[in-house]
Amino acid sequence: MSRAEFLAWGAFYRLFPFDDLHRYYRPAAMIASAMGGGSTSDRVEWLQPSPFQHTAADLQTLRAFGITR
């Protein structure tokens, strides 16, 4: 992988994390909460939050790849 491609993947990950929290746990929690009914307007925003809000796990993964804020 070239350096340019590596940096491009880092930028993509900062916008759209693809760790287990975002791929599996958040969608499962959203489906579980939808079973109780109620409004669905905030669920989509919660499922894909603003790309500038990272969890501690996100930041640790990015640091492991040498990417810092």
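The values are calculated or read from the model by the stated rules, or taken from the named source; none is laboratory data. Everything numeric here is computed off the predicted structure, so don't read it as measured data. Don't worry about glycine lacking a Cβ; one is built from the backbone with ideal geometry, like all the others, and counts go over all protein chains shown.
Here is how the numbers come out for the structure above:
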item: Every residue from the stretch 1-35 that is more than 22 Å from R63 (Cβ to Cβ), surrounded by 11 or more Cβ atoms within 10 Å (Cβ to Cβ) and small (G, A, S); result: A29, S33, A34
item: Helices (runs of 4 or more DSSP H) wholly inside the stretch 1-50 that include at least 2 residues being modelled with pLDDT of 75 or more and not acidic (D, E); result: 3-15, 26-34
